[in-house]
1. Pull out all pairs, ordered by first then second residue, where Cβ-Cβ is under 7 Å, the residues are six or more apart or on different chains, the first lies in the stretch B:639-660 and is at pLDDT 85 or above, and the second is among the basic types (Lys, Arg).
2. Considering only residues of the stretch A:99-121 that are more than 25 Å from A:SER195 (Cβ to Cβ) and without any contact (Cβ under 8 Å) to a residue 40 or more places away in the chain, which is nearest to the other protein chains (Cβ to nearest Cβ)?
3. Which residue, of B:VAL169, B:VAL155, is out of contact with any His (no Cβ under 7 Å at 6 or more places or on another chain), aliphatic (A, V, I, L, M) and surrounded by fewer than 23 Cβ atoms within 10 Å (Cβ to Cβ)?
4. Hey, does the stretch A:173-196 have a residue that's at pLDDT below 90, within 11 Å of another protein chain (Cβ to nearest Cβ) and either surrounded by fewer than 20 Cβ atoms within 10 Å (Cβ to Cβ) or more than 24 Å from B:VAL333 (Cα to Cα) (or both)?
5. Return a yes/no flag: does the stretch B:209-220 have any residue that is open to solvent by 30 Å² or more (accessible area, probe 1.4 Å) and closer than 18 Å to B:LEU616 by Cα.
6. Given the options B:LEU285, B:LEU299, B:LEU256, B:LEU294, name the one that is of a type outside the set (Val, Ile, Thr) and closer than 21 Å to B:MET327 by Cβ.
7. Which members of the stretch B:251-286 meet the condition of being within 14 Å of chain A (Cβ to nearest Cβ) and open to solvent by less than 10 Å² (accessible area, probe 1.4 Å)?
8. Scanning the stretch A:122-155 for residues that are small (Gly, Ala, Ser) and buried (at least 18 other Cβ atoms within 10 Å of the Cβ), which turns out nearest to the other protein chains (Cβ to nearest Cβ)?
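The values are calculated or read from the model by the stated rules, or taken from the named source; none is laboratory data. Keep in mind the model is a prediction, meaning the values are calculated, not measured. We place every Cβ from the backbone using ideal geometry, glycine too, and count neighbours over all the protein chains shown. Just so you know, the surface numbers come from the protein's heavy atoms only, side chains and all, with ligands and any DNA or RNA stripped out. Shrake-Rupley method; radii C 1.70, N 1.55, O 1.52, S 1.80 Å.
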Amino acid sequence: MSATPPVISAQNVWKLFGASPESYLKSMPAGRSFDDIRADGYIAGVADVSIEVARGEMLVIMGLSGSGKSTLVRCFSRLHDITGGTIKVDGQDIMGLNERELIELRRNKMGMVFQSFGLLPHRTVLDNVAFPLEMRGQDRHDRRERALEVIKLVGLEGREEYFPRELSGGQQQRVGIARSLAIEPDIWFLDEPFSALDPLIRREMQDEFLRLQEMLGKTIVFITHDFDEALRLADRIAIMRNGAVEQCDTPDKIVMNPATEYVAKFTEEVDKARVVHAKGLAKPVNGHALEGAPIDGGATIHELARVLVNDNRILLPVANDQGVVTGVLEREAALNILLGAD
Amino acid sequence: MATLSTDIPDTSSKTWSRGRILTVLLVTAFALILAKAVGILPDWLNRIPETMIPPTAQVLDAVFSFIQNDLGLIHVTRFIAEGPLEFLLDTSANLLEGKRRWPHLGPIPWSAIAAVAGVVGYAVGGWRLAALGAGTFIWTAAIGQWKIAMQTMSVIVVAAPLAFLLGLVLGIAAWKHRGFERMLKPILSVLQTLPFFTYLLPAVIFFKVGPTAGAVATITFAIPPMILMTTLGLKKVSPEVVEAGQMSGCTRWQMLRHVYVPAARTEILVGVNQVIMLCLAMVVLTAFIGMPGLGAKLLAMMGSFKLGRSFEIGVTIVLLAVTLDRMSKAWVVKQPVHFERGTPWWKRHQISLIGLGLFVGFILIAQIFPILAEVGRKQHLSQGKEIDVAIKSVLAIDAIKGTTEWLRWFLNVKVLIPFRNTLLAIPTPAFILMVVAFAYWVGGRKPGIYAAIFFTIVAFSGWWDRSVITLYTVISAVALATMIGIPLGVVAARSSRWSKNILLACDTAQTFPSFIYLIPAIMLFGVNDVAVVFSILIFAAVPLIRYTIIGLSSVPPEMTEAADMSGSTRRQKLFSVQFPLALPTMAVGFNQAIMFAFFMVIIAAFIGTQDLGQELQRTLAGTELGKNFVLGLNVSLMALTFDMAISSWAEQRKKRLGLD
């Protein structure tokens, strides 16, 4: 992952809201807390965030409302101009783009899905999905063909002529997803895409989303306030609070080693056995004597429960998806997680 | 109390407290009145001496004549009037009423227009609107008013689209540039309170007498709400929709064209509805500058006390108003519905095709049956004389005659005239102080200061007595309207069925051009002060009833339920729960009632009043633009004083109650 340069790279990004944020940020002494800044009459939407998103990775930004997660993603796409720091997309500083270049970037590289869908009420499903194509001047026939293709992809075939208000919430969000995919973006931003949906539909849409992602392999920044959703989808999770990132790590590591008390509050209630994978818990081989059949490193501890209980080895070899042994798992430690006894 | 006052920072020591300011204002006012009563008040404190009144009208006249002649604005406006605008008006006049101008095609047979109206009605709102649309035009033709109705319509079809376009463009500009909006706002509020006579005279002077002047006045009158609705709609577009547009790579123009304007569709169409209704209201009033049409006919008929014909023309105007209003409102709520895939072209455009077919069909049939093209002089069904006799005989019944005559006598002798004389007897400075005290008490500091400035200007305009008479008419009519309207609203709000029906009636009544309200007033009371007050009263009672019902029924049900469960009686519930929560909304109605009253009192000049309206109407005959402006501004400033005080109160109150 670290071999290729990151798609999005943010360095010390600040976004302040207030009367004259630029000059305030310049004169602001280091180490000022969120509350200090607020006392000065400014709101820190994003506070000194440095984060990178690798190609093909799914980064989930998790936080409660007002934590700055939506603001951060809007800085990535320059829907908000940042107050300080740099954001590079494919190595290009996006604050240096002029209006024309920014429009080109959005027309060719970025797609975004919104919490309340952001559909244009006067356009049919087909015209909504074809909207970004129309804006960049593609001809009518081409854009119709491409739009029909994405509509089929999200499973809305036969609803092309409907208007948004004639669809259910889940269907409307499928339109939103189709629209964001129409231009075949490299980077896909999703701002709480499933929060406005019923729990059952939400689950269904998450599965659908995972299916699409497996097929398309986009670089994704996904925002949610739902920790379970984050655990379910993420390659890495960044947990935000008061505009700052508290911890950014894989789900396994966040659950096993929460960096701060705030993060620990989220992980407390989680059934760790369903989150932690064998490979995440495994230790380096380091000359341990290994015997017997290896277990699948990609399985969660919960999925391995039967093996862990029945096996009587102290150390279990862990193999990756090619069958090569990459580490060892202490059975005792795994059982502790399974029984919630750590 | 003692402990409380130590907690609250005591400002009265530094600045004057509210109560103290009010006391000082009122005590000074009463001292002045007392001084006059005793006879020790010097004359210059009673009324501002003639010598001190600046020659505002003359100065304005000089300014206007400079702009008009020396700067050559008249050439620009005359060019517009004689060029594009006159061309459009001539075209519409040819098509609708058969005026001998290009394209020499008209007049279109009434049956073809009625058919199209029916189809349009069906398209936007189904069979009921189809019947209303077709029925209105059939009635107009059958009653023998087709030609005058089309004279009115031919101005509306030109003025409404132009007002829409100008309003849309200005609205977008105001939304884009905050500076422009800030500049526009005060101009719009003056424009909205300026009496319509003030629109008329400049239009006549700058755009020559005739349809062009009428159209210009109409357009100017109809633009402000379009601007406001456009700006409001654009501001309300959901941020996510805007961001979706940005992320789709829209340029600025694409954002406006494809995202903002379509997303603000509802508000923009509400603006369209208001433009149409104001156009109709104004076109009818252009009768005062001699424009032919329904208004002129109505004016003539009322002038010669032909109640039957007046009544029939009134019905036509009301039908037109209701048709235009219902259709444009149905268009607001109409949402696009999809067609199944593979629907053939003719089916997608079925309704337009039927409309076109009927239009052409009726034109052809009318060639064979001339009665479908034009209802002749002897053929129409007008019952003017019979209705006239009927109305007059009903009014002559002793019981009715006795009642109206007693009412007239009572109101005139016991209420109106004493009240007017009292107001006129108050010395000018005392009057201003009392108004300021009222504005300060109701609205706070800012409205108080504006009240002082505005009424001082009025005092120095040289038309003080007439302004006071105008104000007296407004106050008495609104007071009577409140006594009738609020109890009615309260009773109606008790049952949801009643409130629905009455709200519908109020909405319909509000679409009538104000002129209509004069008809029943003249019928009942003849031509005098009581008729004036009565016409204003019914006009102003409509918003009062409407907002009382809206305010009471929008009280959250959990609050009334809480009151019920606390064991309150109906009366207790009304006074301690419903009224306090509904008052801000009711204040909006009260404010509207006052604005309507100011509007109506000027129109009522036609009946014969002694106020500003009468003078304004007189200026129309001449070219005294300066005087016309001074009079118009006086009305506007008085109206604005009340508007500012009451809306500021309603806003503060709403904020304190945590409503929106």
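1. Here the result reads B:SER648/B:LYS446, each pair linking the stretch B:639-660 to a residue that is among the basic types (Lys, Arg).
2. Among those residues, the one meeting the criterion is A:ILE103.
3. Being out of contact with any His (no Cβ under 7 Å at 6 or more places or on another chain), aliphatic (A, V, I, L, M) and surrounded by fewer than 23 Cβ atoms within 10 Å (Cβ to Cβ) holds for just one of B:VAL169, B:VAL155, which is B:VAL169.
4. Checked against the condition, which is being at pLDDT below 90, within 11 Å of another protein chain (Cβ to nearest Cβ) and either surrounded by fewer than 20 Cβ atoms within 10 Å (Cβ to Cβ) or more than 24 Å from B:VAL333 (Cα to Cα) (or both), the stretch A:173-196 yields at least one hit.
5. Checked against the condition, which is being open to solvent by 30 Å² or more (accessible area, probe 1.4 Å) and closer than 18 Å to B:LEU616 by Cα, the stretch B:209-220 yields at least one hit.
6. B:LEU294
7. The initial filter retains those residues of the stretch B:251-286 that are within 14 Å of chain A (Cβ to nearest Cβ), namely B:251-269.
Across the stretch B:251-286, the qualifying residues are B:VAL259, B:ALA264.
8. Within the stretch A:122-155, the first condition is being small (Gly, Ala, Ser), and the residues that meet it are A:130, A:137, A:147, A:155.
Checking which are buried (at least 18 other Cβ atoms within 10 Å of the Cβ) leaves us with A:130, A:147.
Values: A:ALA130: 10, A:ALA147: 13 Å.
The extreme case among them is A:ALA130.
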